[in-house]
1. Give all pairs with beta carbons closer than 7 Å in which a residue from region 11-22 that is closer than 18 Å to THR35 by Cα and free of Cβ contacts under 8 Å to residues at least 40 places away in the same chain meets a residue that is among the acidic types (Asp, Glu) and in a loop (DSSP other than H, G, I, E, B); count only pairs at least 6 apart in sequence or on separate chains.
2. Take PHE49 and decide whether it is modelled with pLDDT of 90 or more, out of contact with any Phe, Trp or Tyr (no Cβ under 8 Å at 6 or more places or on another chain) and under 19 Å from PRO11 (Cβ atoms).
3. Looking at region 63-80, which of its residues are in contact with a Phe, Trp or Tyr (Cβ under 8 Å, 6 or more places away or on another chain) and touching a residue at least 12 places away in the same chain (Cβ under 8 Å)?
4. Tell me which residues, restricted to region 52-98, are outside any helix (DSSP H, G or I) and more than 25 Å from ALA9 (Cα to Cα).
5. Give the residues of region 13-44 that are over 14 Å from the mean Cα position of the chain (by Cα) and either under 17 Å from ARG86 (Cβ atoms) or β-branched (Val, Ile, Thr) (or both), sorted by residue number.
6. Name the pairs: first residue in region 48-62 and open to solvent by less than 60 Å² (accessible area, probe 1.4 Å), second residue not in a helix (DSSP H, G or I), Cβ to Cβ under 6 Å, at least 6 apart or on different chains?
Amino acid sequence: MPEPLLDIAGPAAPPRKNGELLFEAPWESRAFGLTVALQARGLFSWNEFRECLMGEIGTWERAARSAGDDERSWSYYACWLAALERLPLEKGVCGPGEIDDRTAQFGDRPAGHDH
């Protein structure tokens with residue numbers, strides 16, 4: 001049986017509006033697309049990513065509680081991005097600093113050339 005791609009409900013379920021995925025900023029959809037592409041290439045399973053994402057959400061919740069923060073600073077996709085950065089490192093897909101180096105390379109491109 002194939003792995004499910006996305007949770008429909010619960011803490012790992014992405015934000016939706018009228019049943020459609022909801023992205024507040026372009027980087028969120030790019031992080032989502034990159035995750036799906038890496039999973040499709042077999043770099044990690046969807047369940048591995050889901051567990052990592054839930055761990056990041058838990059980390060955020062604990063930090064928010066200890067700081068007495070409310071949910072104004074909540075960002076589902078910030079947790080998603082943290083999981084996307086952490087899982088390849090944990091699996092040995094890339095080494096420390098490689099993600100930052102690639103991010104800097106893309107950030108140095110002229111506007112409109114981010115593909």
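The values are calculated or read from the model by the stated rules, or taken from the named source; none is laboratory data. Everything numeric in this text was worked out from a predicted model, so none of it was measured. Quick reminder, even Gly has a Cβ in these numbers, built from the backbone with ideal geometry, and neighbours come from all protein chains shown. Heavy atoms of the whole protein, side chains included, go into the accessibility calculation; ligands, DNA and RNA do not. Shrake-Rupley method; radii C 1.70, N 1.55, O 1.52, S 1.80 Å.
1. Within 7 Å, the pairs are ALA13/ASP7.
2. It is true that PHE49 is modelled with pLDDT of 90 or more, out of contact with any Phe, Trp or Tyr (no Cβ under 8 Å at 6 or more places or on another chain) and under 19 Å from PRO11 (Cβ atoms).
3. Taking region 63-80 as the starting set, the residues that turn out to be in contact with a Phe, Trp or Tyr (Cβ under 8 Å, 6 or more places away or on another chain) are 64, 74, 77-80.
Within region 63-80, TRP74, TYR77, ALA78, CYS79, TRP80 meet the criteria.
4. Within region 52-98, the first condition is being outside any helix (DSSP H, G or I), and the residues that meet it are 68-70, 74-75, 91-97.
Within region 52-98, GLY68, LYS91, GLY92, VAL93, CYS94, GLY95, PRO96, GLY97 meet the criteria.
5. LEU43
6. If the second residue must be not in a helix (DSSP H, G or I), the pairs left are LEU53/ALA12; ILE57/PRO11.
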